[in-house]
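A short worksheet on the structure shown next.
The values are calculated or read from the model by the stated rules, or taken from the named source; none is laboratory data. Here the structure is a predicted model, which is why all the values come from computation and not from measurement. Don't worry about glycine lacking a Cβ; one is built from the backbone with ideal geometry, like all the others, and counts go over all protein chains shown.
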Amino acid sequence: MTSGISKFKILFDNGSSLFPIITPDVNISKFSTANDIDTITCSSWGKKHNVTGKLIKDTFELAGQKFHHIKVYANHSGLGIDNKADGMAGNALFWNKTIIIDFRNKKFGVK
């Protein structure tokens, strides 16, 4: 994912379908400094926790697709988050698209 000149490591997680992008709370300011506009209570492995959403005002590119005015959510509990990445993209960004995962060549695409 690129935003301006910044680059982020984003994992695709089809289990994060509700969220366009979710990130550990320590990374949320990398994506947006806007005020929180949404709070969702969700459950991960039977434990309830809140995630807060902010609007990403900039246009960014992910898997060759351009997005703008997308919400990014901060996971404050750390449950279900891969800390080796800056964030995770769920199915919500790709509802009307076809996701292509090439395991042999380790490529991710969208059409």
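The table for this structure:
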{"item": "Yes/no for residue 25 being touching a His at 6+ places or on another chain (Cβ under 6 Å) and surrounded by 11 or more Cβ atoms within 10 Å (Cβ to Cβ)", "result": "yes"}
{"item": "Whichever residue in segment 84-111 is touching a strand residue (DSSP E or B) at 6+ places or on another chain (Cβ under 6 Å) and part of a loop (DSSP other than H, G, I, E, B) and, among such residues, is nearest to residue 59 (Cα to Cα)", "result": "97"}
{"item": "Boolean, residue 52 is on the phi < 0 side of the Ramachandran plot, among the hydroxyl-bearing types (Ser, Thr, Tyr) and crowded, with 16+ Cβ neighbours inside 10 Å", "result": "yes"}
{"item": "Pairs where the first residue, in segment 70-87, is farther than 12 Å from residue 27 by Cα and the second is surrounded by 15 or more Cβ atoms within 10 Å (Cβ to Cβ) and modelled with pLDDT under 85, C-beta under 6 Å, 6+ apart", "result": "79/44; 80/44"}
{"item": "Condition met for residue 74 (of a type in the set (A, V, I, L, M, F, W, C) and either surrounded by fewer than 17 Cβ atoms within 10 Å (Cβ to Cβ) or modelled with pLDDT of 90 or more (or both))", "result": "yes"}
{"item": "Hits in segment 56-69 (condition: assigned to a strand (DSSP E or B), without any contact (Cβ under 8 Å) to a residue 60 or more places away in the chain and buried (at least 16 other Cβ atoms within 10 Å of the Cβ))", "result": "56, 60, 67"}
{"item": "Members of segment 31-46 found to be at pLDDT below 90 and either assigned to a strand (DSSP E or B) or surrounded by 11 or more Cβ atoms within 10 Å (Cβ to Cβ) (or both), listed by number", "result": "42, 43, 44"}
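To keep it simple, each residue is scored yes or no on (1) assigned to a strand (DSSP E or B); (2) among the aliphatic types (A, V, I, L, M).
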position: 29; (1), (2): no, no
position: 50; (1), (2): yes, no
position: 54; (1), (2): yes, no
position: 72; (1), (2): yes, yes
position: 78; (1), (2): no, no
position: 81; (1), (2): no, yes
